[in-house]
1. Please compute the length gained on full extension between Ser17 and Ser39, using 0.36 nm multiplied by the number of residues separating them and subtracting their Cα-Cα distance.
2. Fewest to most neighbouring Cβ within 10 Å: what's the order for Ile12, Ile330?
3. Could you list Ser244, Ser39 in order of exposure, starting from the residue whose Cβ has the fewest other Cβ atoms within 10 Å?
4. Per Stokes-Einstein, at 4 °C and 1.567 mPa s, what whole-number D in µm² s⁻¹ belongs to the chain, with the Kirkwood radius over Cα pairs as the hydrodynamic radius?
5. Can you compute the modelled spin-label distance between Ser130 and Val222, with each label point 7 Å from Cα toward Cβ, in nm?
6. With runs of 4+ DSSP H residues as the only contributors, calculate the mean residue ellipticity of the chain at 222 nm using -39,500 (n - 2.57) per run, divided by the residue total and rounded to the nearest 500.
7. Answer with one residue from Val222, Leu143, Ser167: the one whose Cα lies farthest towards the positive end of the charge dipole of the chain, charges on Cβ with Lys, Arg +1 and Asp, Glu -1.
8. With 29 Å as the limit, write out which pairs from Lys187/Lys305; Lys110/Lys153; Lys21/Lys123; Lys56/Lys328; Lys96/Lys191; Lys56/Lys315 have Cα-Cα distances beyond it, or answer none.
Amino acid sequence: MPTVPSTPAEIIAQLPSSFAKAKDSGDVLFFPSTVHKHSEFGVEWEITLCPALQNKPPLPIPHFDAAADAKLANGGKKFDPFAPPYVPNLHIGELKDEQEGDEYVILFNKFSVVPQHILLVTKEFHSQTSPLLPPDLVQTYRLIAAAREAGKKFFAFYNCGDNSGASQPHKHLQLIPTIEDGPPIEKLARKTPIETLDRPFSLQSLPYANHVRRLPTHLPTVSLEEQEPILSRAFLSLLDLALSTYRRDPASDDQKHNITLSYNVILTLEHMHIIPRKAETHTLAETGENLSINAMGFAGCLLVKSEREFEAVVKESVGTILENVGCKSIHEQQCEGACSM
Ligand code: AMP
């Protein structure tokens, strides 16, 4: 069996040729789309219109319950697309965290709207409801840094929990190329002044709670040993805030009893964002259809499947949609403790 690339640089270098091969062989299904810009809150949102997705084959029904997870972990029969044997044309690399020993496979997203969209999947089964661990963060950051080194711009995201927009229960982060320097939301983060790197801040012009940490500029070039505590501390501080935001969201009693936090993580070379979630879908007033939102939506990239849906989103406004599936910001109160600005 041929060896697969096993360093971030090797994985990034062979993405164009491997993607062409996977697409030509039919192992990656590519859905052409058009991107439309839409301005709100000082962000140039990208709304991707992809009518071809209406023909996407239905995916297995998602489940996030512990019993089903345990069944998968114990070799149960429920289909897991991220478990071996891997489809050779989708399996484009493997990474091992030298410090912790955790192993990952890198797969192409089989259903591709953006070319070269990849997934970093834990080799062993872990649940998509579990928080990111230091090796998850380090290996993801190394891939983004290797891409930048090769002149390519990628960002990463993680959809965690029932309300996050995730569809697969096996732990996976996703990396996606961008034409501009980061996703649309990144521009707002970049131009937000902060007093110190040590504290979380918030993009306060947005109508939903979001928690952000700026990462040190030298982070892409330092050793793994140095990257790990910086990324881990940033993640834990944001997760803490996301949990306190979620708990204080003025939602129904049912909601409050559901103590499992769902959230989206967006990771760039410069920032880590966490957005707590109270709902997975927004029902469009115009069409009555449910629009599922994941981390891509909060990164500034929404996906619609028809002109009708596109018009409904613009009419209703991106802000209203994200506000309905996110939480109410309590940044001011949180700032009395430990925030920047
Ligand atoms: P999420 O929906 O956030 O859980 O992300 C899972 C991603 O995996 C989706 O974008 C799917 O398109 C993709 N996916 C589903 N099945 C497969 C598969 N068999 N191989 C590779 N990617 C897949």
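The numbers here are math on the coordinates, done by the rules we state, and not lab data. Keep in mind that this is a model prediction, so the values were computed, not measured. Glycine also receives a Cβ, built like all others from the backbone with ideal geometry; neighbour counts cover every protein chain displayed.
1. Extra length available between Ser17 and Ser39 comes to 4.4 nm.
2. Ordered from fewest to most neighbouring Cβ atoms within 10 Å, Ile12, Ile330 come out as Ile330, Ile12.
3. Final ranking by Cβ density, sparse to dense: Ser39, Ser244.
4. So the translational diffusion coefficient is about 63 µm²/s.
5. 2.7 nm
6. Taking each H run of at least 4 residues, the total per residue is -9000 deg cm²/dmol.
7. It is Ser167.
8. Lys56/Lys328; Lys96/Lys191
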